[in-house]
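Peer 1: Below is a structure I'd like to ask you about.
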Number of protein chains: 2
Amino acid sequence: MAAALSPASSLRLKPLSAARFLSIYRRQTDPNKTIPTTLTNLTTKPRFPPKPLRYSITLSSVKDSPLSSSNRRRFCTVVTGALSSGEAVESAKREGGPDEGLDRLGQTLVVRGWVRTLRVQSSVTFIEVNDGSCLSNMQCVMSSDAEGYDQVESGLIATGASLWVQGILVPSQGSKQKVELKVEKLVMIGRSDPSFPIQKKRVSREFLRTKAHLRPRTNTFGAVARVRNALAYATHKFFQDNGFVWVSSPIITASDCEGAGEQFCVTTLIPSSHEAADSLADSIPKTEDGFIDWSQDFFGKPAFLTVSGQLNAETYATALTDVYTFGPTFRAENSNTSRHLAEFWMIEPELAFADLNDDMTCATAYLQYVVKYVLDNCKEDMDFFNTWIEKGIINRLSDVVEKNFVQLTYTDAIALLLRANKKFEFPVEWGCDLQSEHERYITEEAFGGCPVIVRDYPKEIKAFYMRQNDDGKTVAAMDMLVPRVGELIGGSQREERT
Amino acid sequence: MAAALSPASSLRLKPLSAARFLSIYRRQTDPNKTIPTTLTNLTTKPRFPPKPLRYSITLSSVKDSPLSSSNRRRFCTVVTGALSSGEAVESAKREGGPDEGLDRLGQTLVVRGWVRTLRVQSSVTFIEVNDGSCLSNMQCVMSSDAEGYDQVESGLIATGASLWVQGILVPSQGSKQKVELKVEKLVMIGRSDPSFPIQKKRVSREFLRTKAHLRPRTNTFGAVARVRNALAYATHKFFQDNGFVWVSSPIITASDCEGAGEQFCVTTLIPSSHEAADSLADSIPKTEDGFIDWSQDFFGKPAFLTVSGQLNAETYATALTDVYTFGPTFRAENSNTSRHLAEFWMIEPELAFADLNDDMTCATAYLQYVVKYVLDNCKEDMDFFNTWIEKGIINRLSDVVEKNFVQLTYTDAIALLLRANKKFEFPVEWGCDLQSEHERYITEEAFGGCPVIVRDYPKEIKAFYMRQNDDGKTVAAMDMLVPRVGELIGGSQREERT
């Protein structure tokens, strides 16, 4: 029997995902080794050190090709000996790469990625390759004597093709990057041709919606994916570092929470997707009285998609003290605005033994933490947004991190709006709900871009479970307002008196 | 106008959530300070240092009561000066608390939590309080001269009541814990009475299902919540540390992936929950031909809950190289087994420029990482499971972390099963799918508890997109088998040839 060991990966380094140049692989020098050996000069203790072998090993003959096992991935986008500790990688990551690659000059590296552009000139071919680890491409410069040049000549390497490129890192002649890869060998993994729909010219988001399988390869969608990823991870990190327990509240539910929104029904009474498009309405089971026969549905009764995990989180908070949910939430409201989505991921922290001050402190600390995390870790992507998508976004986010949050009562907010020298579409009076125009006036104009927390709302416009204040008219609720958005976070202290 | 500042919380310390005693709060000594000042002897740099004040501050008069703002939560379950750096907290966390609290003897601390048991004796009352930060309770010992003893006498403090208790940490006379809290002051926050359904005696999980709002307060559900939380966070941490980008694949979808399972239909054609129970079948919109009129549904066509995020993750992997999904997934299969759930959270990593070896290495490294994380960080909860829920679980999981994973081909696995001196319910022959009994024989008996990866399955029993091997009969697919479970992880290399 041929049983071979699969040793744990040597997870030596953190990735350099935010470096200002493409992630790069050190060349494998010994194709007969299954476990990489080129990194022996690293001093970092591997997280999973290689184990002694205890079963007989059968190694099939291994060729030095891009997909052979000699190129075993090391779960690390940059694996050069120059970075000798996790610390160094971390600092490199923060600063956008040590000198943008200059410290790796002369090294033989491997890049795997997708062609963004290809320019054939008389003496040399320029290929911009991107692997999605960051916004910047790696410029690969190939002369006609390099191995694999016939593949360039074949015309199959166009925008969208995937490549394996090995070369030496040299100083770049161009002004856009400090280093480039002088290609020694190129292997085409997936070909492309000029019909590839996402070429260098800018395309509309409406067009990209029709090419959903390819749009992650654009600068915008790649940057959004990386920033969204950073926001999600920072969210978990913030709550975990502060002792909160993540609770996965049920998605399919029979409860309606506070009636937070219209619900989607989840059912198997209607046949599965293969036949749904032409299913007969009469095939839905009925009772004798003509009602839908829910006893024949999957759960034996009506079931819906959750509109909020709050009810579930509350039961855990009153057992584990501090918990949070972070999962998808659904609202069947047919409003096509930037504030309404049918499906979105929501974060719902619940704190026991806490009052409204604790709630506001938590919301403030959370927001500042995740925004700072993104500004620190996604600098290149944020610069891209600042230049191409929304000018001033970095300054606005820096304000959130650096400025003190203003706190005022709803009553004071109304007084402020009534005194404002501005005509609002929705009239202002004590008792009205604040509209986006009011919220944005408060945070953008009255407080010059400071995030503002408005607290103590009239009880009539808030949910039944919020704690009544001593004035008998308001409840311990708060909304956090930020420029350009308005309400970003809402919270409340629950009524504990019976 | 009264505008008050809400400074960012001083997130100074990591929580000591896995300590072997209850989380404890240092007493607030100055009730007139909004910002805690008792931790000035800490040398750790606060993550959010207090900002200079720039707006006029209106502080309402603050009383030293449990819910007043003077007890501003610091998002940290243990805040003692003894732990002077994050490093120390981290090491304390791993080892279950420094000497189980002995190093805090003599300190005045505050505990907030729920009463597990209360025993009134002639001279003294014992109250076991738990706040969910760990399995162990804090034993609070109260004599009749302590402040708040009248509340004990009132009989309202029974199992399930919530308390705020301040006291001095003293050596315990009991054998179950090294320290206990000598109560100086007790405040009842939420009362209870003997009808509270979860008393000290053991109750069945079937009974707890009928008390879903209270079961998080049991040892079992609390431990499950903490372990599940640790597994989820370790999952994110593993992939993030290795450069993967988290992708939130759509939950509501019109695609069926590989036909991985029966789908739930998501619709608003059936009225929302308030009226659903008695909705007339005839109210569902029909076309003239009697078909369901999907044009009137929320999305204008049939929509379903996702059975897999793979298709979406693949489009991102071919742009960002390494991605993973981690979100809820739904299967409308009416099988009531431990292997079937209607709703579950699934992790789907997708790696570009990777072969089956990379896939197996990733799966192995991931599994070993998360299991080790739980064994390291949830020791007390795992000991509880090992004693009360499933004996031997710690040894079995330690095997996963420490043993080498065996790797063998499907063909070799079949040969092994045919040679086995064992009668299987399902007959074995080349080409058959492996049943749980086969998988468990391989990992539990043939390889003595080692996790086993079986690879190169017949193409007929695997999905169409898996890469065909050179033999023309098998595909580059793998299943990871572990004792007691059977298949835990499945994966494959995709066919890239056209």
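The values are calculated or read from the model by the stated rules, or taken from the named source; none is laboratory data. Keep in mind it's a predicted model, so treat the numbers as computed, not measured. Backbone-built Cβ (ideal geometry, glycine too); neighbour counts: all protein chains shown. These accessible areas exclude ligands, DNA and RNA; they are computed on the full protein's heavy atoms, side chains included. Shrake-Rupley method; radii C 1.70, N 1.55, O 1.52, S 1.80 Å.
Peer 1: Which distances, in nm and shortest first, link the B:K391 label point to the same label point in every other copy, taking 7 Å along Cα→Cβ?
Peer 2: 7.4
Peer 1: Something else about it: Quick one: which of B:230-238, A:174-182, A:389-397 comes out on top by average Cβ neighbours within 10 Å, and what's the full order, highest first? Present the calculation step by step, with values, prior to reporting the outcome.
Peer 2: Working: B:230-238: 20.4, A:174-182: 16.9, A:389-397: 13.8.
In decreasing order of mean packing, B:230-238, A:174-182, A:389-397 become B:230-238, A:174-182, A:389-397.
Peer 1: Would you tell me the mean number of C-beta atoms belonging to other protein chains that fall within 10 Å of each C-beta in A:450-463, as a whole number? Intermediate results must be reported in sequence, preceding the final value.
Peer 2: Details: counts 2, 1, 2, 3, 0, 2, 0, 0, 0, 0, 0, 0, 0, 0.
Across the residues of A:450-463, the mean count of other-chain Cβ atoms within 10 Å is 1.
Peer 1: Let me know the mean shielding of A:407-415 by other chains, meaning the per-residue number of their Cβ atoms within 10 Å of its Cβ. Don't skip to the answer; put the middle values down first.
Peer 2: Numbers: counts 9, 6, 5, 0, 2, 3, 2, 0, 1.
Rounded to a whole number, the mean comes out at 3.
Peer 1: Take peptide A:372-380, look around each residue's Cβ out to 10 angstrom, count Cβ atoms belonging to other protein chains, and average those counts. Each step should come with its number before you reach the end.
Peer 2: Details: counts 2, 0, 0, 0, 0, 0, 0, 0, 0.
The shielding value for this peptide is 0.
Peer 1: Estimate the FRET efficiency between B:V187 and B:V224 by the formula 1/(1 + (r/R0)^6), using the beta-carbon distance for r and 30 Å for R0, to the nearest 0.05.
Peer 2: Working: r = 30 Å, r/R0 = 1.02.
The computed FRET efficiency comes out at 0.50.
Peer 1: Run the simple label-point estimate for A:N386 and A:D289 please: 7 Å along Cα→C-beta, distance reported in nm.
Peer 2: With each label placed 7 Å out from Cα toward Cβ, I get 6.5 nm.
Peer 1: Using the Kirkwood formula on the Cα atoms of region A:117-252, what hydrodynamic radius do you get, in angstrom to one decimal?
Peer 2: On the way: mean 1/r = 0.0567 Å⁻¹.
Value: 17.6 Å, from the Cα pair sum.
Peer 1: May I pose another question? What FRET efficiency comes out for B:R497 versus B:K403 if R0 is 35 angstrom and r is the Cβ-Cβ distance? Round to the nearest 0.05. Kindly include the intermediate steps, with their values, before the conclusion.
Peer 2: Working: r = 36 Å, r/R0 = 1.03.
The pair B:R497/B:K403 has a calculated efficiency of 0.45.
Peer 1: Can you list the distances in nanometres, one decimal and ascending, from the B:Q121 label point to the identical position in each other copy, with the point 7 Å along Cα to Cβ?
Peer 2: 9.0
Peer 1: Which percent of Cα pairs goes in each bin when the distances of region B:397-498 are cut into 10 angstrom slices starting at zero?
Peer 2: Pairs per bin, as whole percents: 16, 48, 29, 7, 0.
Peer 1: Something else now. Within the set of other residues whose C-beta is less than 13 Å from the C-beta of A:D412, count the net charge using Lys and Arg as +1 and Asp and Glu as -1. Provide the component values of the computation, followed by the final result.
Peer 2: Working: positive: A:R419, A:R455; negative: A:D456.
Overall, the nearby charge balance is +1.
Peer 1: If you don't mind, there's one more thing I want to ask. Computing the accessible area with a 1.4 Å probe over protein heavy atoms, can you report the carbon and sulfur percentage for region B:343-486? Before the final figure, lay out each step's value.
Peer 2: On the way: 2990 of 6010 Å².
So the carbon and sulfur contribution to the accessible surface is 50 percent.
Peer 1: Between A and B, buried accessible area summed over both sides at probe 1.4 Å, in Å² to the nearest 100? Intermediate values should be presented prior to the final figure.
Peer 2: On the way: alone 27850 and 27870 Å², together 43570 Å².
Roughly 12200 Å² of accessible surface disappears when A and B pair.
Peer 1: Using only Cα atoms, what is the ratio of the radius of gyration of region B:279-412 to 2.2 N^0.38 Å?
Peer 2: For region B:279-412, the normalised Cα radius of gyration comes out at 1.56.
Peer 1: So if I place +1 on the C-beta of Lys and Arg and -1 on the C-beta of Asp and Glu, and nothing else carries charge, what would the dipole magnitude of region B:177-305 be about its Cα centre? I want it in debye, nearest 20.
Peer 2: Roughly 1760 debye for region B:177-305.
Peer 1: Using the alpha carbons of region A:120-186, what is the convex hull volume per residue in cubic angstrom, as a whole number?
Peer 2: Working: hull volume 6.3 nm³, N = 67.
Measuring per residue, one finds 93 Å³ for the Cα hull of region A:120-186.
Peer 1: Mind listing the label-point distances from B:Q199 to the same position on all other copies, shortest first, one decimal in nm, points 7 Å along Cα→Cβ?
Peer 2: 8.0
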